[in-house]
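Novice: First the structure, then my questions, so here it is.
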Amino acid sequence: MAKLISVCTQKGGVGKTTLTMLLATYYHTTVGKPVTVIDADFPQHSFDATRRSELASIQNDEEIQSLYVTLYPEMNRELYKVYKGSLEELAMFLTDLKGRGEDELVFIDMPGTMNVKGFDRVASQLDYVILPMEADKMSFTAGLQTLDLFDRFREAKGADYQLFMLWNKYKKSENPSLMQGIENIVRERGNVQILEHRVTDSVTWKRERSTLFPSDKVKNLVGELNQLLNINQPVG
């Protein structure tokens with residue numbers, strides 16, 4: 001059965017689309033898992049826009065074309081599919097995806113606000129929610145609001161997802177007391193697991209995001225997620 005995963009928070013600019021893209025591409029190209037991406041981040045749909053831009057670059061940029069024709073024939077695999085639409089349009093589509101017998105990873109890039117029609121219907125179908133957290137007041141407040149809403153969805157819709165918190169844009173100069181305080185409050189909720197891996201604050205993360213080519217920056221994060229989400233690596 002397909003696993004439905006979303007990197008999700010109410011605060012914009014925390015890198016949820018970048019993380020989704022890096023994870024989806026790495027799982028597809030490097031781990032070898034079947035992957036589908038749902039771009040429901042209306043109205044910008046930046047995931048879909050990036051895919052379209054990269055496909056155009058294959059035709060116009062010889063260096064990118066060379067990388068593409070080298071990577072994909074060697075893998076004997078096509079590009080993963082990216083579907084674009086509103087949450088309301090995609091709710092029924094997700095039901096069909098989840099019912100597939102394939103061992104597939106479906107990443108849903110949700111809007112930066114939960115005050116969108118259809119959000120609860122899509123959220124209630126998720127299997128795993130990854131909450132990116134930064135060590136600042138706005139991110140922390142938005143994170144708690146996100147967790148509160150998912151708790152309400154769980155109660156109202158009978159959802160059965162697992163929640164994870166991921167330190168994002170982490171700097172070595174962060175106040176350890178502040179981070180520990182945030183972790184303590186999150187742990188007190190009793191239904192959120194804090195990931196050990198921390199995503200560092202670096203412009204290269206966004207620079208290396210791609211729907212075509214993998215980045216090793218998420219290798220350790222993928223390793224941790226494989227264990228926690230029971231993701232089996234293909235044999236051979």
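The values are calculated or read from the model by the stated rules, or taken from the named source; none is laboratory data. In this text, all values refer to a predicted model and were calculated from it rather than measured experimentally. Side chains included, ligands, DNA and RNA excluded: accessible areas come from the protein's heavy atoms. Shrake-Rupley method; radii C 1.70, N 1.55, O 1.52, S 1.80 Å.
Novice: Where does each of Arg209, Arg198 land when they are ordered by accessible area, with a 1.4 Å probe and the largest first?
Specialist: The residues order as Arg198, Arg209, largest area first.
Novice: Moving on to the next point. How far is helix 46-60 tilted off the main Cα axis of the chain, in degrees rounded to 10, range 0 to 90?
Specialist: Long axis of 46-60 versus the principal axis of the chain: about 20 degrees.
Novice: Another one. Taking Lys117 as the anchor, which aspartates and glutamates have their alpha carbon closer than 12 Å to its alpha carbon, excluding any fewer than eight residues away along the same chain?
Specialist: Correct list for Lys117: Glu88, Glu89.
Novice: I'm checking a number: the convex hull volume of the Cα atoms of the range 87-132, normalised per residue, in Å³. What is it?
Specialist: Taking the convex hull of the Cα positions in the range 87-132, it is 77 Å³ per residue.
Novice: By how many degrees, between 0 and 90 and to the nearest 10, does the Cα long axis of helix 219-228 differ from the longest principal axis of the chain?
Specialist: It is inclined by approximately 60 degrees.
Novice: Ignoring ligands, DNA and RNA, how do Lys157, Lys169 rank by accessible area with a 1.4 Å probe, largest first?
Specialist: From most exposed to least exposed: Lys157, Lys169.
Novice: Rounded to a whole number, what % of the accessible area of the chain do carbon and sulfur atoms account for, probe 1.4 Å?
Specialist: 48 percent
Novice: Given the rule -39500 (n - 2.57) for each run of at least 4 DSSP H residues, summed and divided by the residues of the chain, what is its mean residue ellipticity at 222 nm, to the nearest 500 deg cm²/dmol?
Specialist: Mean residue ellipticity, 222 nm, calculated: -14000 deg cm²/dmol.
Novice: To the nearest 10 degrees, how steep is helix 176-188 against the longest Cα principal axis of the chain, on a 0 to 90 scale?
Specialist: 80 degrees
Novice: Across the Cα atoms of the range 1-109, what radius of gyration and what greatest pairwise Cα-Cα distance (Dmax) are found, in Å?
Specialist: 14.5, 40
Novice: Sort Lys98, Lys171, Lys137 from largest to smallest accessible area, using a 1.4 Å probe on the heavy atoms of the protein chains.
Specialist: From most accessible down to least: Lys137, Lys171, Lys98.
Novice: Given 10 °C and 1.306 mPa s, how large is the Stokes-Einstein diffusion coefficient of the range 113-164 in µm²/s, with Rh as the Kirkwood radius over Cα pairs? Spell out each step's value before the answer.
Specialist: Numbers: Rh = 11.5 Å.
Reported coefficient: 138 µm²/s.
Novice: Mind grabbing the base-10 log of I(q)/I(0) for the range 159-220 at q = 0.19, 0.30 Å⁻¹? Debye formula, identical points on the C-alpha positions, no solvent, two decimal places.
Specialist: Rounded to two decimals, the profile gives -0.86, -1.28.
Novice: Can you list the equivalent-ellipsoid semi-axes of the chain, largest first and in whole Å, using the square root of 5 times each Cα gyration tensor eigenvalue?
Specialist: 28, 21, 17
Novice: A further question follows. Solvent-accessible area per residue for the range 169-220 at a 1.4 Å probe radius, Å²?
Specialist: Normalised by residue count, the accessible surface of the range 169-220 is 65 Å².
Novice: To the nearest µm²/s, what D does Stokes-Einstein give for the range 106-236 at 4 °C and 1.567 mPa s, using the Kirkwood radius over alpha carbon pairs as Rh?
Specialist: 79 µm²/s
Novice: Give me the 1.4 Å probe accessible area per residue for the range 38-161, excluding ligands and nucleic acids, in Å².
Specialist: Per residue, the range 38-161 has an accessible area of 52 Å².
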